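Notes follow the structure.
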Amino acid sequence: MKKRLLIAVLAILAICALAGVCAPAGSGSGGKKRQDKVQIKVLILPKFEVGQMTGDTAGEAQYYYEAYVRGGEEYTIAGVPDSSRLYVKDGIALYLTGMGKVDSALNTAMLLSDDRFDFSNAYVLSTGCAGSAVGYGVMGDVFVLTATVDYDLGHHADPREMKEVKDVTWFHENDHDNLSVVKLNADLTGRVYDLVKDVKLETTEKTRRYMRDAFAGEAWADREPQVLRGTGVTGDNFWKGRYDHANALAKVEAYGCADPFATTEMEDMAVTKVIQRFGLLDRYIILRDSVNIDIFMDGDSPETLWDAGFEERATRDDQGEVLDIFDTAMRNNFKVGKVIIDAILSGEP
């Protein structure tokens with residue numbers, strides 16, 4: 001009887017071992033021990049690349065890829081598009097999260113769940129382009145974000161249905177406050193900002209002229225780009241205009257963010273929530289560069305920017321937004337990000 005019981009126990013243990021169910025303590029799925037995992041020191045999270053990872057027009061990833069992970073290992077991540085593969089070299093990893101709140105959150109969660117990699121001591125640098133708040137940021141600026149706000153949660157009204165004409169068409173509901181804002185590690189963001197605030201950024205003459213003409217006589221618009229602190233507002237649509245700008249200002253104020261509304265984009269809140277759930281928020285940094293302004297300028301309207309044929313019109317020489325400043329803003333972002341990454345690798349910030 002005892003012999004048969006012993007044989008049965010050994011058989012069960014063998015089956016468990018094959019299935020990875022009885023993995024040793026401290027290991028992940030499949031029994032992979034922590035020391036066997038790929039150790040990640042810095043995880044860089046751009047959202048998209050324009051074409052190839054190197055050798056053509058640079059998107060959010062290319063300058064970082066060429067500087068840190070080119071020639072390293074490439075990994076596909078289960079359950080995500082092949083375009084979101086992970087590149088790793090010498091402890092530095094780069095991963096395209098995808099665009100929008102849903103894809104960026106799901107893809108980031110799948111990466112951080114992958115048992116082949118150890119992110120437990122990693123700094124995470126989320127990076128990308130954005131629109132900047134009129135009156136605060138000029139195209140080409142780079143922002144160290146200290147908080148991120150969800151634009152979509154809450155009550156939004158169409159101004160055509162409101163009985164009183166108001167710029168703010170969002171109605172604050174306190175029940176959403178714990179879901180609608182994440183404030184980053186103030187000590188870390190403060191040290192990061194002090195590290196990069198004097199990095200010299202570039203612009204183009206066309207962009208300077210465009211800003212000067214669009215906001216004639218306004219001192220904030222007629223300056224060189226610089227590194228600023230700010231709060232990012234994440235929405236799942238590419239909005240523009242004075243009503244949405246007023247709503248973003250109201251949200252940042254209502255949620256008690258330390259720094260002004262600075263950027264509008266489509267991923268930061270989602271990625272930040274994932275980072276928070278995985279316990280990495282204390283080592284999390286967000287950089288955004290401005291490639292457009294969050295209101296319509298120079299006679300543009302939703303129709304002229306977004307109706308059928310807008311992609312062709314965006315390539316015209318007289319179109320000041322986005323395309324002229326895009327590559328310069330990508331380089332500005334990388335200049336700032338490189339200072340941060342190199343400081344992390346040397347034991348700071």
Among the residues of region 230-253, which ones are among the acidic types (D, E) and part of a helix (DSSP H, G or I)? D244, E253
Is it true that N185 is surrounded by fewer than 18 Cβ atoms within 10 Å (Cβ to Cβ) and under 20 Å from I275 (Cβ atoms)? yes
In region 244-301, residues that are more than 24 Å from V102 (Cβ to Cβ) and surrounded by fewer than 22 Cβ atoms within 10 Å (Cβ to Cβ) total 18
Any chance V196 is closer than 23 Å to A258 by Cα and either buried (at least 17 other Cβ atoms within 10 Å of the Cβ) or without any contact (Cβ under 8 Å) to a residue 60 or more places away in the chain (or both): yes
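For region 138-160, how many residues meet the condition of being at pLDDT 95 or above, over 20 Å from L195 (Cβ atoms) and in a loop (DSSP other than H, G, I, E, B)? Don't jump to the end; show me each part of the working.
Going through region 138-160, the residues at pLDDT 95 or above turn out to be 138-151.
After this cut, where a residue has to be over 20 Å from L195 (Cβ atoms) as well, the list is 138-139, 148-151.
When the remaining residues are screened for being in a loop (DSSP other than H, G, I, E, B), the result is 138-139, 151.
Total satisfying the criteria: 3.
Select from region 259-288 the residues that are part of a loop (DSSP other than H, G, I, E, B) and among the aliphatic types (A, V, I, L, M) and write down the one among them that is farthest from A221 (Cα to Cα).
Going residue by residue through region 259-288, those that are part of a loop (DSSP other than H, G, I, E, B) are 259-260, 266-267, 278-280.
This time we only want the ones that are among the aliphatic types (A, V, I, L, M), so: 266, 280.
Working: M266: 24, L280: 36 Å.
Out of the qualifying residues, it is L280.
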Of the conditions (1) modelled with pLDDT of 95 or more; (2) over 15 Å from F238 (Cα atoms), E267 satisfies every one except a single condition; which number is it? (2)
Would a scan of region 221-230 turn up a residue that is crowded, with 18+ Cβ neighbours inside 10 Å, out of contact with any strand residue (DSSP E or B) (no Cβ under 6 Å at 6 or more places or on another chain) and either among the hydrophobic types (A, V, I, L, M, F, W, C) or modelled with pLDDT of 95 or more (or both)? yes
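Quick grid of which residues meet (1) surrounded by fewer than 16 Cβ atoms within 10 Å (Cβ to Cβ); (2) out of contact with any helix residue (DSSP H, G or I) (no Cβ under 9 Å at 6 or more places or on another chain); (3) among the aliphatic types (A, V, I, L, M); (4) at pLDDT 95 or above:
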position: A58; (1), (2), (3), (4): no, no, yes, no
position: Y63; (1), (2), (3), (4): no, no, no, yes
position: V69; (1), (2), (3), (4): no, yes, yes, yes
position: T76; (1), (2), (3), (4): yes, no, no, yes
position: Y87; (1), (2), (3), (4): no, no, no, yes
position: A93; (1), (2), (3), (4): no, no, yes, yes
position: T97; (1), (2), (3), (4): no, no, no, yes
position: A105; (1), (2), (3), (4): no, no, yes, yes
position: A109; (1), (2), (3), (4): no, no, yes, yes
Could you check, for region 22-39, whether at least one of its residues is under 28 Å from V102 (Cβ atoms), assigned to a loop (DSSP other than H, G, I, E, B), at pLDDT 95 or above and of a type in the set (A, V, I, L, M)? no
Can you confirm whether region 218-229 contains a residue that is touching a Lys or Arg at 6+ places or on another chain (Cβ under 9 Å) and in a helix (DSSP H, G or I)? yes
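The values are calculated or read from the model by the stated rules, or taken from the named source; none is laboratory data. Being a predicted model, the structure only gives us computed values, none of them experimental. We place every Cβ from the backbone using ideal geometry, glycine too, and count neighbours over all the protein chains shown.
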